[in-house]
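Each remark here refers to the structure printed beneath this line.
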Amino acid sequence: TTTETGDTTTEDDDDDDVDVDDDPPILSRQNNRAIISRSRAGGVVRKCIDALADRNLLHREPIHVSGAGYKTLRLITGTDGETLWFFPKQGTSLWDVAAADAILRSIGGCLSDKNGNDIDYSKSRQNAENVEGIIACNDTWLHRECVRLFQEEQWDDDDDE
């Protein structure tokens, strides 16, 4: 088959054969940025960012942002490449992330606990503390990769080295 530009294609040229579990091209994600609180930038958070950067999946330098709502807004807009919010510790309440979860999902992103489980919003207000942390991402592939890496490396949540 000849296209309007004169390029020749065959019946075997089929982009539908791409496996979503394949590694992304190296240049496709290395400029993505994590958004984290400056006060929580060490330990397991730093180790995860470094590990993803070593794999060319994330820029090594995060963007420091305060507040769950503002982090969510930055993930949604992605103006400076904001892609991942990784905080696998307790410290956010369910009401801090419920709207973020809905909005991220509506744009193709994902928000889960540190183990990749959906957040349970049916808890009472008295039990609304999120003890399993947050992984939020506007890129579902990168979200899965972050969860996988966290589980493989088994970093201690209290590791502050």
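The values are calculated or read from the model by the stated rules, or taken from the named source; none is laboratory data. Since we're looking at a predicted model, the values are computed, not measured. Backbone-built Cβ (ideal geometry, glycine too); neighbour counts: all protein chains shown.
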* **Among the residues listed as Leu104, Leu94, Leu27, the single one being at pLDDT 90 or above and not small (Gly, Ala, Ser)** => Leu104
* To do: Search the stretch 45-72 for residues being charged (D, E, K, R) and not in a loop (DSSP other than H, G, I, E, B), and hand back the single one that is farthest from Ile135 (Cα to Cα).
  => Asp54
* Residue list for the stretch 93-123, filter: basic (Lys, Arg) and touching an Asp or Glu at 6+ places or on another chain (Cβ under 6 Å) -> Lys114
* **Residue in the stretch 39-62 that is modelled with pLDDT of 80 or more, loosely packed, with under 12 Cβ neighbours inside 10 Å and touching a strand residue (DSSP E or B) at 6+ places or on another chain (Cβ under 8 Å) present** => yes
* Structure fact -> Going through (1) surrounded by 17 or more Cβ atoms within 10 Å (Cβ to Cβ); (2) modelled with pLDDT of 85 or more one by one, Gly69 fails only at (1)
* Meets criteria (in a helix (DSSP H, G or I), within 20 Å of Thr140 (Cα to Cα) and modelled with pLDDT under 75) for Leu75 -> no
* To do: Could you tell me whether Glu82 is among the acidic types (Asp, Glu) and touching a strand residue (DSSP E or B) at 6+ places or on another chain (Cβ under 9 Å)?
  => yes
